[in-house]
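J.: For reference, the structure I am asking about is given below.
The values are calculated or read from the model by the stated rules, or taken from the named source; none is laboratory data. Predicted model only: the values in this text are computed from it and were never measured. Don't worry about glycine lacking a Cβ; one is built from the backbone with ideal geometry, like all the others, and counts go over all protein chains shown. To get the accessible areas, we keep the full protein, side chains included, count just its heavy atoms, and leave off ligands, DNA and RNA. Shrake-Rupley method; radii C 1.70, N 1.55, O 1.52, S 1.80 Å.
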Amino acid sequence: MNTIYSRFLSICSHRPKHTALAYLHMGIYRKISYSKLNDLVLKLVDYFISLEYKEGDRVIIFSENRWEWPVVDLACNYLGLVVVPIHTTYGVKYIDYIISETSPKCVFVSDQKLFDQFSKVKKELINNINIVVFDIGVSGDHNIEYFRDILEKYKGKLEISPISDDNKISTIIYTSGTTGMPKGVCLTNKNITTNIDNVLKYVPILHTDRFFSFLPLSHVLERVAGQMTPLLVGASIYYSRNPKTIIDDIKRAKPTIFVSVPRIFDRIFDKIHDNLRNSSKLKQKIFYKALRMTSKAKSCRRKHESINILCKFRAKIFDKLVFSKIRHIFGGNLRLAISGGSSLDKKIAKFFEDVGIKVLEGYGLTETSPIISVNKANEYKFGTVGFVLSNLELKINEEKEIVVRGESVMNKYWNDDLSTSAVIDNDGWFHTGDLGFVDKEGYLNIIGRKKEIIVLSTGKNIVPSNIENALNFDKYINQSIVIGNNRKFLTALIVPDFEELSIYCEKNNIKHDESIESFRDEFIYKFFKDRINFILKDFSDYEQIINFYLLDREFDQEHDELTPTLKLKREKIVEHFNNIINKFYK
């Protein structure tokens, strides 16, 4: 058998006492061993059997990351039930849609906040659904059961063996929906396990590794890379409580593996430099000298060149005195970090390696379970997404689009043959919608998203993400979106870094707050205009930003402007700021 549960059970038999999961309670990480985790899984399987659930029935998980997540996931996998995660940031419209699409038998909800959100769903959709709540004390109009009561009532003495067919659907993961309504990606046990096995050939994971879980488990990257991978190799997972406590939690967890998205690395990079700018001139001088010295030593290692003994000695001293403090932000034991979801600026990747944190960038989609390519632990190249997995075929078609086929590529979208045929051709090639190329060294490079390419009315094609990445790297710019499809020129919406802008205004005696009126100040506008022109000085004439608008808030998930992995929902943003955008082109 090669199902997720069977692989997990094998680990349980080899390392029953090893820590599988850990969660914070009263300031201390409480641990759950592999043996204990399996006991909890079997009790939940017993509960499902009592309800006469059958293979193929759908079960929804609507919860933030917590130890109960893998218990439900593995119990469903045991019986062949199909797990359907719902992003905790989804509004009622999306929840209604997913429930109506999948007709679940049961839903697991974490706390009162999410239960209240779930209760807004049309009653006719959830009247016959079993609702199980993780937190004790949650109450509402619907009949609910508490997870703790189920685990106390059922013994887990089973007469039914786990499923053995790894070609059956294991999960339906709804895409983030950057455009239109989300589509349900059907992934089998085989899709997921083959993806994990082939990633492990490039990025070895040890049973001694400790993962830190904070990206949403409802997203495929964290679900496979941050949950299933560690549980199938015998590593440990330490959960963060919530996004606001990540910094404190990661110091307590002391992880060796950190799975994240570029936006998180961007923010940490900015924060480090913010703190540095507020320190003394002497500290700044020492830091940058240390960075130059260490960068030189790391560069020599990457190129397999000999390092001067004195240079090596100084680099070690600086590393201990200066950069160990930065590594302490991640708990001090980080072996490597994995970045996926979108492109990571190579300057930021290089910076983190120079301070002793190796960031391996990879690439993939929900439809590919998810990894297509990843940099190897000892063979990597900044600015690329690494080597294509050995179980996949990849080619670049005439439109420069990346197309793949292989065992970890989905077979279909749930109840959507039209969308399936639109992305999987008659020869089985999945069309990713991403543009890219493979360089002479075999590294895959991503150019941009096919649907996001801006075509000016002059016929010029532009990749907006290249411009946005350059803008966002500036310390005064937090977010940006470039606009101009079917127009004569480019414009942009800019979200300033309000903290840095305030510092600048104070130094230059400019009155400022975060209101729209303050952004009309001609000095602030000119300041940003000059910075944008400088940032884009090496870009083509047709890639210049002719006009821009400074926003007084960030793009966020509350306004449905970001996906769960913090990518821009361009259509939504344009819709929300359409009146402003139209004024650019009058």
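J.: Looking at Lys451 and the list (1) open to solvent by 40 Å² or more (accessible area, probe 1.4 Å); (2) in a loop (DSSP other than H, G, I, E, B), which single condition is not satisfied?
T.: Every listed condition holds for Lys451 apart from (2).
J.: So the check is Cβ under 9 Å with 6+ separation or different chains; which pairs have a first residue in segment 120-133 that's under 18 Å from Tyr53 (Cβ atoms) and a second one that's of a type in the set (Asp, Glu) and surrounded by 12 or more Cβ atoms within 10 Å (Cβ to Cβ)?
T.: Asn130/Glu145; Ile131/Glu145; Val132/Glu145
J.: May I ask you to say which residue of Lys346, Lys325 is of a type outside the set (A, V, I, L, M), under 30 Å from Val463 (Cα atoms) and surrounded by fewer than 19 Cβ atoms within 10 Å (Cβ to Cβ)?
T.: Lys346
J.: Return the residues of segment 385-424 that are part of a loop (DSSP other than H, G, I, E, B) and over 25 Å from Thr102 (Cα atoms); say none if nothing qualifies.
T.: Residues satisfying the conditions are Val385, Gly386, Leu389, Ser390, Asn391, Asn397, Glu398, Glu399, Lys400.
J.: Run down Lys400, Lys412 and say which single residue is open to solvent by 70 Å² or more (accessible area, probe 1.4 Å) and either at pLDDT below 95 or over 22 Å from Gly341 (Cα atoms) (or both).
T.: Going through Lys400, Lys412 in turn, the sole match is Lys400.
J.: In segment 548-562, how many residues are surrounded by 14 or more Cβ atoms within 10 Å (Cβ to Cβ) and over 14 Å from Val495 (Cβ atoms)?
T.: 2
J.: Within segment 375-389, restricting attention to residues that are touching a helix residue (DSSP H, G or I) at 6+ places or on another chain (Cβ under 6 Å) and not small (Gly, Ala, Ser), which residue is surrounded by the most Cβ atoms within 10 Å (Cβ to Cβ)?
T.: Within segment 375-389, the match that is surrounded by the most Cβ atoms within 10 Å (Cβ to Cβ) is Leu389.
J.: Is there any pair linking a residue in segment 542-557 that is under 19 Å from Gly459 (Cβ atoms) to one that is open to solvent by 50 Å² or more (accessible area, probe 1.4 Å) and assigned to a loop (DSSP other than H, G, I, E, B), with Cβ under 8 Å and at least six apart or on different chains, and which?
T.: Short answer, once both residue conditions are applied: Tyr542/Thr458; Tyr542/Lys460; Tyr542/Phe489; Gln544/Phe489; Ile546/Phe489.
J.: Same structure, new question: With over 30 Å from His219 (Cβ atoms), open to solvent by 40 Å² or more (accessible area, probe 1.4 Å), out of contact with any helix residue (DSSP H, G or I) (no Cβ under 6 Å at 6 or more places or on another chain) and part of a helix (DSSP H, G or I) as the only criterion, which of Phe539, Phe534, Phe528 stands out?
T.: Phe534
J.: Does at least one position in segment 83-91 carry a residue that is surrounded by 20 or more Cβ atoms within 10 Å (Cβ to Cβ) and touching a Cys at 6+ places or on another chain (Cβ under 9 Å)?
T.: Checking segment 83-91: at least one residue is surrounded by 20 or more Cβ atoms within 10 Å (Cβ to Cβ) and touching a Cys at 6+ places or on another chain (Cβ under 9 Å).
J.: While we're looking at this one, here's another question. For segment 390-422, enumerate the residues that are touching a helix residue (DSSP H, G or I) at 6+ places or on another chain (Cβ under 7 Å) and within 13 Å of Leu365 (Cβ to Cβ).
T.: Hits for segment 390-422 are Glu401, Val404, Ser408, Val409, Met410, Tyr413.
J.: Got a sec? Which of Tyr146, Tyr94, Tyr174 is more than 18 Å from Asp57 (Cβ to Cβ) and either more than 24 Å from the chain's Cα centre (by Cα) or open to solvent by less than 10 Å² (accessible area, probe 1.4 Å) (or both)?
T.: Checking each option against the conditions leaves just Tyr146.
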